[in-house]
Every structure is written in structure tokens, then in C-alpha cells.
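Peer 1: Please find one structure pasted underneath; my questions will follow.
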Amino acid sequence: MATADTDTPPHRYSAALAQDIEMRWQRHWDENNCFDAPNPAGPLADPAALDGRPKLFVLDMFPYPSGAGLHVGHPLGYIGTDVFSRYKRMAGFNVCYTMGFDAFGLPAEQYAVQTGTHPAITTAANVANMRRQLKRLGLSHDPRRSIDTTDPGYYRWTQWIFLQVFNSWYDTDAPARNGEGRGRARPIDELIAELESGTRPTPDGRPWATLTEPERRVVVDDRRLAYVSEAPVNWCPGLGTVVANEEVTADGRSDRGNFPVFKRNMRQWMMRITSYADRLIDDLDLLDWTDAIKTMQRNWIGRSEGSRVRFTSAAGDIEVFTTRADTLFGATFMVLAPEHSLVAALTTAEQADAVAEYRTAAAAKKDIDRQDATRTKSGVFTGSTATNPVNGQQVPVWIADYVLTGYGTGAIMAVPCGDQRDFEFARQFGLPVPAIQQPPQSWFDERSIEPSLDTSTWPEAFVGVGTYVQSANDDGLDLDGLTSIEEGKCRTNEWLSARGAGHATTNFKLRDWLFSRQRYWGEPFPIVYDEHGPIALPDTDLPVLLPETDSFSPRTFDADDEFSNPESPLDRLDWWNEVELDLGDGLRTYRRDTNVMPQWAGSCWYELRYLDPTNENAFVDPVVEEYWMGPQADTAEGKHHPGGVDLYVGGVEHAVLHLLYSRFWHKVLYDLGRVSSMEPYYRLYNQGMILAAAFKDEREIYVEATEVDERDGGFYFEGQPVTREWGKMGKSLKNAVSPDEMYDAYGADTLRLYEMSTGPMDASRPWETRDVVGMYRFLQRLWRNMVDEQTGEISLGGPADDATIRLLHRTIDGVRADLDNLRVNTAISKLIELNNHLTKQGRCPADVAEPLVLMIAPLCPHVAEELWAKLGHTESLIRDPFPVADPALLVEHTIELPVQVNGKFRAKISVAADAPDDVVGAAALADEKIQTALAGAVPKKVIVVRGRTVNIVA
RNA sequence: GUCGAAGUGGCGGAAUAGGUAUACGCGCUAGCUUGAGGUGCUAGUGGGAGAAAUCCCGUGGGGGUUCAAGUCCCCCCUUCGACACCA
């Protein structure tokens, strides 16, 4: 630890000096509003300051203001965006860069339940503490733009956007707003107008005029993008609330709290995100995101192209979804999910007991058990058959729990010869397995069996591409002899459509978004109910303030009490939820909606509010939105730029939830003409995580990581051996390191450099406190090269020699390229190399000092400002131009070339940079070491790679 | 199981377009400074052989392409992440 004592020079760059410098410059930036970014219009407008500068919108995923405050793992991304923002500001950009807080959510509410402290009070205190910690890092945020999702001035617009969604419907036939393709959200009034005029029929065909008012309400409400629905939801008694599919873990428990979750039918708010499924997938192509994240979103939405096929039965038509309609001739049985609505009607008397028993058993199973693919197939015959449309065969109908209600139609046709699960099922229950494709010879060879269409000899289903056999009927469908699956599907679909037995379709895994929560600390819905259903409150009634109470928790139940019913904290507030309003037909009593919105709501649009945070007339001024987020020039590949934030940095953990919901809201706003951008986040960058060592004792309990000693390759806590693992920093692993400790020991500039230097931004890396000193030493050497440690005065050397100037320009060139591509770690190593070169010379040459300080500035802004001032400048350097390399100084006259003999490095030669290949080759051959290495052998070939190497083949 | 990302010194990591593997930092070793420790500074530091010059081996493993492979191709192993009976 660096403590100044008697023999330390008075003006050494010590932790104390660093802190002094940092506090002074942070105050200076604050008092002079240095990071205010002007808008083109509205309260933050300063059109003159825009001055033709290109815009850049840099965004961090905003944090939840946790009571524990920041640890050093949090700011990795923030430091990265700050370095980038500062660099771009110096490169002439108008940079919008700020920070807000996603402050609704469970922890503050649970804390309130325990202590009685109102969540608003806890939240305000936590936000203040996090603001202090972030400011101490020297982040160049525009403080005017900061928002907090719990501020009524903010959530008023969250409620307003909800009403936009509520008051919209999705018209699949309307031309897209950008003119490409069809489908867009339209105002609900336009739907009502079409129904009234009769241009659009009512669902059951009765004229609109003959419908009663309640009937009309139902027709319209059924089309809204936000709707109340009796739908299967995830009920979590332990939390006392429902949760979204996305918040349920793979083993059927709640993401928060880890309580069991049950599928139940309940009336809840839903958002029709499925209407946007195609666009949410297709528009990923327009975005500059990593393929990993795009793949995760695609998989989540889960689009699959296939067909719906109707099998007729005595109990009614059974519709199945299949991606392989071409295999219909091999479909020898059907399997329905145990919950399928036709099961009761299909079940015969003899099978009734078995079916009932199976259904009960399936219902009792947790999702986790039903999803175990390795267990043997189970199932029960219903006793009925259905008719295969292509060949009229009667196929038995079974139920089995491997067929899921929530996917497709909850029923499948089973093609045992071509699907491994169906194959196993058929084998187990002795069902026929006719072959419909001739597998190639190699398939049989690999399994060491004789080629045969007798599937009883097959060890498994054939899933490859083969020639169709036994796939024809006498009604015009004949696939025999075909080898193309595409062609097979296509012909089958045509045949099915022509006979009304099926059609091509697209199926999605994505479900509509469950949008209500039975909790307190969230945005209330701007909705009241009359006896017929929900009614939107007018804009003038916004915000609907969260009512005061001292009872914050929903009623929770025994975690396993599946049949309990939700009761939100707002339900109990009769004074609040009974309300007298005049909504157009006189003063009447209504009931308020007592749900609150999920935490995702506030984060679905915060980037837009950053742009125009004080606007009281709109969520964002369209002129301001278009300036910062509007589409830019087409990309190099000729793709249209969809608009959006220029750089969005955050962790992968939001790859599906936040990013999907946010894109959905943004697209609705786009369709309604409220924003000019089609997508919220044009470029997404996922930063890695900082991991820290955590230690467990023999009882598997975590011990305080700072108290663990390492010796002889082992780890010990209070003398007892402990085991090490790497994990996310935090309270639970007892391994958090606070940035405040680092400020005290080294200062913020050292912490910033350390976090940036340990690896590329997108990589996770372990935190090592003992490594931090390396960057501290670098700053000390940098300081000493320019400042006299005894007097504190600037002290530079004479003009730089040629080699130093050339190194400087190479450094400028490299640092620019690195920072442009967020390769901050290698930018730092180049700056250290330059500084190490200067250290060998004793002093920093006078003509190197300024460019060096400017290059350091985005990384460690405080020490850079201090040195800049010492160099005689009276203004802050935050808008001084970043140095530009002189191309002439990047070209070397003489270069050193490695020479290889048979691919092995043997010698270095020095040649003129522009020497022709034959001269370089001759010089290589003439080298003494090369002659030795050749040992008299005659070179067969001399390969000269310009400016790179010479290889002699002997 | 499927999909995705990644395996380079004791550690974190460098290596534009296939062209000197290990930049930069930590740690370690030696020396200077100091009463001592720390800080600071200087030099060295992939492994093996050798007094040295130098030589051999080295980017998870095995093959291949090439004058030349950490980088490209094929197979395998390991780690991490996501999804998971998706019809």
C-alpha cells in the first residue's frame, strides 16, 4: 500500500495526490457543466453548439440501485463507455452519455416489508450513494439527463406508453411503415372505424350495428396489443405473484427467490409480443450485435416453418403442427398432450381409467421431470383413432407427456421411421413402423446391418435424406422417387391446401408477454374497470401515482400451495381503488386496476427519456429523437440502417429478457409514428464480467475472501484449509471489493486503467487486487517523466530525437485504431511502451508531452487534466483534438526483416523499405548466419514477402 | 442432448491480411536505495542442453493444407454460457 513518508519526494504521484487531483477536477467538470450535450430542440437545446458535429449516443445498461452499493465488478462497462465517450468527444463528436437507475423492483420492496421503511426512501438513499460512487470514478455523464424509473415524472410516460400499446391493434395486412413488407400496429380507433363502416367484418359476421355495447367492447379488446386474458400463467405462491415465462428457471422455479412455480389459468395483463415475432427475428439482420446474442434471441423466439394438418376423428378434427408434412405417409399414430382439450371426448370407456390416471400423474409432475429427455417414454392409448388425410388410414390416438400443451397445437403426428422419439415410443408400445424413405447404403454400413426397408432390423430412426418410398396415394399425391425434402414438403402442402386438410404455416416458441404483477413497488396501470372490462384513463389523468400505504407485501402463501389466489397490496387499499370519474358519460364509480407493471417496463424505453428528460408534453420530442436515434446512412453491405443507439454496452444476462421487450415496445412506437428509429439499439456490445475468488470452508460455507491466506499452493482461513472457486462478485460469496477501497489506495485513474488493462472488454476476467499496483507504477513514471517530484513544477527535456518522434506517431496511430474498436487494453500497453521509452531517456521531451497527455486523457482524465494545466493550459482538455499521426512518420526508411530457412527463423537483415524483392533476397542469401544455416546447400527457392519476411527453401 | 464461445509462460493477457509466438502488466530472481521492512529504481525471467556461441522443444491432443500455421481444414478432449422431449 502506498503511503507517503519521510523519504518519499513531496510531489510524487501518490494515492493522496491522486485523490486531491481527482476531487479538484471532478468539481471543476461539475461546476462548468463540461459534459452537457446539446439537443437540437427543447429545454436542452443549443443549436449553435451542435455546430455540424456528428452525434454519438453511448449507452450503458442502467443499474438497479442496490443497497450494497457498487463493487469493482460493476463499472467495467461504465469505464469502457466513458473512455469511448471521452475519446469521441475529443474526436469532435457531440456525445450523449449519461446514467440512470432502474429503481422499481423486489429488493426495495422486500426491505420495506422487513423494516417498514418506504421503498421510495430506500431507493433515494441508494441512488444517492451510487451517484457518489460513479462520480468518484470520473465518468463524463451529462447529469441533466439522468433519470430514475420510480420518479412520477418518468413513470407517467411509462404509463403513457402502456396506453399507446393498449390503444393499438396489429394489422397484419397494413403495409409496413418503411414500405418493406406488411404488418404494423395501428391506433385502435382505426379498427373501430373499420368495424363501424363495415369494411372489416366482426369475428362472427354479425353487423356491428346489431352488437350490444358490451359485445363491441369484447370484439375490440380482443384485438388490443395489451389485453386482459384468462390464460395459463406462472403462479408463484411463495412470491405471492405471477411471473413471466422468461422469469421461470429451467427447473420450474422463480428466477428471484427460487420458489416453485405452477401453471394456472388466471386473468392477467398480456402484451401481444407474438404479433412482432417475425419482425423481431428478421430485423436482427439489420443490427450490429454479436452472432451469439442474435442466436439466443432467435432461439428464444423459436420460429419454425411447417404445416398444420387436420386429422379427422369421431370427437372432431385434431390439428397437428409438423415441420415435415412430407412424412405424412409414415404417420402411424398420434400423440396428444395429456391436457389437450379433445382428450376427454376421444377417450373410450375401456380406456377411461387408464387415461384419467395418466392425466393425474402428469399434472402432479413438476416441469423439470417432464422435461427429462433420457427417461423412458410413457403414454396411454385413448381407445380412439383418427384418419390420416393422405391415405385414409385409421391411426390410434395416444396421450403422452412428452407432447407439450404450450407448443404448436399440443398434438403431434408420429412418424416413427423418421423421428427418434416416435421410434422409441412405437417400439415400446408395439406400434407399426413403416419405412417411407430409402436410407443410403452408407447408413446401413455404419450400423453394420443389411440394407432393408423392414424397419424391425433398424436400431434407430432414419433422420437423413433418402429417396421417398411407399409415399403415394391414388388421389394425386406421389412423392416416390423424390430425393428433395423441400420438394416433398411443397407438394404435400399444395395437396393438403387443395383438399382443405392443412396448409403451410409458421410456429413460434415465443408466447405473449405476461405483464402484470401483484406487488407494490412498480408502476400502477392507468386503467379502471366498469362492469364490462378495462377502460384507459385519459392522458390528463397521468401519472396514476402509486398510493401511500404501510403494507407493502402481497399476500404470500406456502410456497407449495398451488391453488392459492393472488392478492396484491393495492387490492387492500379500498380508498384508492374505488374512484369516481367522468370518462365521458357523467360521473361514475370505477374500480382501479390493482396490479403493477413488471420491472422490465421502466427499462423498455429509458434511452428515449435520456434524450429529453424534462419534456412535459411528450415522452421525447420527435426532433430530438430523430437527431440522436434516427436512421443513419446505409451500411457498407447496402443494408438499411434501422436507427438506434450508436453503442449499447451491457452484460449477456439481458440477451433475451430486456432486449426483447425493449425492441418490442420500440417497434410499437415506431409503427405508431412516435419514433423515427425501427430498433432501439443499433450496436450492442457485451462486456465481460469481473470474477473474484471465493473461498469455502469444510462446511461448504463461504468465508471472507480478504481473510484468506495463500501458502504452499493452498488456501487457508484462520488456519483451516479452504477451497477456491471463481464467481461473480457479491455479498453472498463474501468476495466483493469496493471501489472506495481502490480510491483510497491508488485513486480512480489507477482503478480505471487497471480494469481496462486486464483484457478485452468482452472477456470475463478474475479480479486480482495485487495486480492493480502495475498501473499505479505506470502513472507514477508518467508523472515523474514530466513533473519534478521535489518542486512539483513541470520539467521536460529538449526536442525528441527521430526515433522517439517516430515511436510517438506509431503510438498515436495504434491508440486511435484501438480506441475506435474498443480495444482499450492494447491501447494502454502501447502508451506504456511509449512511456517506458521516455523513462529510459530520463525526461519527457517537450514536443512529446502534449500529445501524450491528450492520448492518456480518455483513460485517466484526472491526471491528464492536471498535467495539461501544468503544461500551461488554462482550459480543460476534454474537447481538445485527439492527436493525429503524421503518415510520413509511420513509414520507415530501413526495415529489419526476419529471414527463415525452411520455415525456421535464422537471422535478421536490415534493408531499405522500398528495396525490390530480388535485392532483398540477395541480401538475405548474403547474410553470414544464413550461409551457415544453408551449409553449402543450393537454395531451391527464395520467397520474399514484402515488408514481412524472407523464406529460403533449400 | 442441441446450439454458441473459448483453450497461448507461474497468473491476467498480446500477436492488422498465414510471416520473428509470449507485447504490456503481475509475480519471481538478482542488484541499487534504506538501520530494517515497505515504496522507488535497474537488470533478468517459456522449457530443456551448454561455460558460451549456439542448438533442440514449445500456443489442449491427433492428422492435414502451405515455402511458412496460435491463426486455415478434418477428427477428438476440456472448460464456460444458453436452450433443453420444440413435433
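Peer 1: How large is ³J(HN,Hα), in whole Hz, for each residue of the stretch A:887-898 in order, when computed from phi with the Karplus curve 6.51 cos²θ - 1.76 cosθ + 1.60 and θ = phi - 60°, using x for Gly and Pro?
Peer 2: In residue order, the calculated couplings are x, 4, 8, 8, 8, 8, 7, 10, 10, 9, 10, x Hz.
Peer 1: Now for a separate question. Considering only Cα-Cα distances, which of the following residue pairs are longer than 26 Å: A:Lys840/A:Lys904; A:Lys55/A:Lys870; A:Lys88/A:Lys135; A:Lys294/A:Lys731?
Peer 2: A:Lys840/A:Lys904; A:Lys55/A:Lys870; A:Lys294/A:Lys731
Peer 1: Continuing with this model, one more query. Go through A:Glu22, A:Glu246, A:Glu578, A:Glu548 and list them by solvent-accessible area, largest first, probe radius 1.4 Å.
Peer 2: Result of the area sort, largest leading: A:Glu548, A:Glu578, A:Glu246, A:Glu22.
Peer 1: Sticking with this structure for a sec: Return the tail of the calculated pair distribution for the stretch A:229-330, meaning the percent of Cα-Cα pairs more than 21 Å apart.
Peer 2: Working: 3123 of 5151 pairs.
Percent of Cα pairs beyond 21 Å in the stretch A:229-330: 61.
Peer 1: Give the long-range amide H neighbours of A:Cys96: residues separated by 5 or more places, or on another chain, with amide H under 5 Å away, using H modelled in the peptide plane at 1.01 Å from N.
Peer 2: A:Leu56, A:Phe57, A:Val58
Peer 1: Which Rg and Dmax, in Å, describe the Cα atoms of the stretch A:549-670?
Peer 2: 21.0, 60
Peer 1: Hey, what do the phi angles of the stretch A:393-398 turn into as Karplus ³J(HN,Hα) couplings, whole Hz, using 6.51/-1.76/1.60 and θ = phi - 60°, x for Gly and Pro?
Peer 2: Per residue, the Karplus-derived 3J(HN,Hα) values read 5, 7, 10, x, 9, 10 Hz.
Peer 1: Something else now. Considering the options A:Leu225, A:Val415, A:Ile856, tell which one lies farthest towards the positive end of the dipole of chain A, charges being +1 on Lys and Arg and -1 on Asp and Glu at the Cβ, about the Cα centre.
Peer 2: Working it through, the farthest residue towards the positive pole turns out to be A:Ile856.
Peer 1: Once you keep just the Cα pairs under 8 angstrom separated by 6 or more residues, what percentage relative contact order results for the stretch A:339-465?
Peer 2: Relative CO of the stretch A:339-465 lands at 19 percent.
Peer 1: Next up: Distance between the C-alpha centers of the stretch A:194-254 and the stretch A:627-651? Whole Å please.
Peer 2: Taking the Cα centre of each part, the stretch A:194-254 and the stretch A:627-651 sit 34 Å apart.
Peer 1: Note down the relative contact order for chain A as a percent, whole number, built from C-alpha pairs under 8 angstrom at least six residues apart. All intermediate terms of the calculation are to be shown ahead of the outcome.
Peer 2: Working: 1744 pairs, mean separation 141.3, N = 954.
Reported as a whole number, the value is 15 percent.
Peer 1: Equivalent ellipsoid semi-axes for chain A, as square roots of 5 times the alpha carbon gyration tensor eigenvalues: give them largest first, rounded to whole Å.
Peer 2: Its equivalent ellipsoid spans semi-axes of 58, 42, 29 Å.
Peer 1: For the stretch A:134-148, what does the Karplus curve 6.51 cos²θ - 1.76 cosθ + 1.60, with θ = phi - 60°, yield as ³J(HN,Hα) per residue in whole Hz, taken in order and with x for Gly and Pro?
Peer 2: Values per residue, Gly and Pro as x: 6, 4, 5, 6, x, 6, 8, 6, 7, x, 5, 9, 5, 10, 9 Hz.
Peer 1: Quick one: Kirkwood hydrodynamic radius for the stretch A:1-126, alpha-carbon pairs, angstrom, one decimal?
Peer 2: Working: mean 1/r = 0.0543 Å⁻¹.
Computed over the stretch A:1-126, the radius equals 18.4 Å.
Peer 1: Among DSSP bridges having both ends in chain A, what percentage is antiparallel? Round to the nearest 5.
Peer 2: Percentage antiparallel, nearest 5: 80.
Peer 1: Sticking with this structure for a sec: Starting from the eigenvalues of the Cα gyration tensor, five times each then square-rooted, give me the equivalent ellipsoid semi-axes of the stretch A:690-736, largest first, whole Å.
Peer 2: Value: 17, 11, 9 Å, ordered largest first.
Peer 1: From the P(r) of the stretch A:87-147, can you give the percent of Cα pairs sitting at distances over 14 Å?
Peer 2: 64
Peer 1: How much accessible surface area, in Å² rounded to 10, belongs to the heavy atoms of A:Ser197 with a 1.4 Å probe?
Peer 2: 80
Peer 1: On alpha-carbon atoms, Rg over Rh for the stretch A:168-282 using Kirkwood Rh?
Peer 2: Answer for the stretch A:168-282: 1.09.
Peer 1: Please compute the volume of the convex hull spanned by the alpha-carbon atoms of the stretch A:446-495 and report it per residue in Å³. Mind dumping the intermediate values first?
Peer 2: Values: hull volume 4.8 nm³, N = 50.
Each residue corresponds to 96 Å³ of Cα convex hull volume.
Peer 1: Sticking with this one: Check A:Tyr681: other-chain or 5+ apart residues with amide H under 5 Å from its amide H, H built from backbone geometry?
Peer 2: Answer set, sorted by chain and number: A:Val645.
Peer 1: Rounding to the nearest 10 and keeping the result within 0 to 90°, find how far the Cα-based axis of helix A:657-671 lies from the longest principal axis of chain A.
Peer 2: Computed tilt is about 80 degrees.
Peer 1: Give me the net charge for the shell around A:Val72: Cβ to Cβ below 9 angstrom, other residues only, Lys and Arg +1, Asp and Glu -1.
Peer 2: Spelling it out: positives minus negatives among the neighbours equals -2.
Peer 1: Taking 2.2 N^0.38 Å as the expected size of a compact globular protein, what ratio does the Cα radius of gyration of the stretch A:892-953 give against it, to two decimals?
Peer 2: That works out to 1.00 for the stretch A:892-953.
Peer 1: What whole-number value in Å² describes the accessible area per residue of chain A for a 1.4 Å probe?
Peer 2: Accessible area per residue, chain A: 43 Å².
Peer 1: Summarise the accessible area of the stretch A:892-953 (1.4 Å probe, protein heavy atoms) by the percent that is carbon and sulfur.
Peer 2: 54
Peer 1: For A:Glu578 and A:Glu190, what is the calculated FRET efficiency with R₀ set at 45 Å and r taken between the beta-carbons, to the nearest 0.05?
Peer 2: 0.85
Peer 1: If you add up the charges near A:Asp771, with Lys and Arg at +1 and Asp and Glu at -1, over every other residue whose beta carbon is less than 15 angstrom from its beta carbon, what do you get?
Peer 2: Here the count lands on 0.
Peer 1: Once each part is reduced to its C-alpha centroid, what is the distance from the stretch A:19-82 to the stretch A:571-613 in angstrom?
Peer 2: First find each Cα centre; the distance between them is then 32 Å.
Peer 1: Translational diffusion coefficient of the stretch A:304-507 at 4 °C, 1.567 mPa s, Stokes-Einstein with Kirkwood Rh over Cα pairs, in µm²/s as a whole number.
Peer 2: In µm²/s, the coefficient rounds to 74.
Peer 1: Non-local amide H neighbours of A:Phe101 (under 5 Å, H modeled in plane, Pro and chain starts lacking H): which ones?
Peer 2: Amide H neighbours of A:Phe101: A:Ile147, A:Asp148, A:Thr149.
Peer 1: Quick one: Cα centre-to-centre distance for the stretch A:131-189 and the stretch A:711-759, in angstrom?
Peer 2: Answer, in whole Å: 38.
Peer 1: Relative contact order for the stretch A:818-954 using alpha-carbon pairs under 8 Å, separation at least 6, rounded to a whole percent?
Peer 2: So the answer I get is 16 percent.
Peer 1: Please give the direction-averaged projected area of the C-alpha convex hull for the stretch A:601-747, in square nanometres with one decimal. Provide the component values of the computation, followed by the final result.
Peer 2: Working: hull surface 58.2 nm².
Its Cα hull, projected and averaged over all orientations, spans 14.6 nm².
Peer 1: Moving on to the next point. So how long is each side of the stretch A:765-907 along the principal axes, counting just the alpha-carbon atoms, biggest first, in Å?
Peer 2: 58, 41, 31
Peer 1: Can I ask one more? Using only protein heavy atoms and a 1.4 Å probe, report how much of A:His11 is accessible, in Å² to the nearest 10.
Peer 2: 70
The values are calculated or read from the model by the stated rules, or taken from the named source; none is laboratory data. Every value quoted in this text rests on a predicted model; they were computed, and no experiment measured them. A quick note on method: Cβ atoms are made from the backbone with ideal geometry, for glycine too, and the neighbour counts reach across all protein chains shown. Heads up: the accessible areas ignore ligands, DNA and RNA and are worked out on the full protein's heavy atoms, side chains in. Shrake-Rupley method; radii C 1.70, N 1.55, O 1.52, S 1.80 Å.
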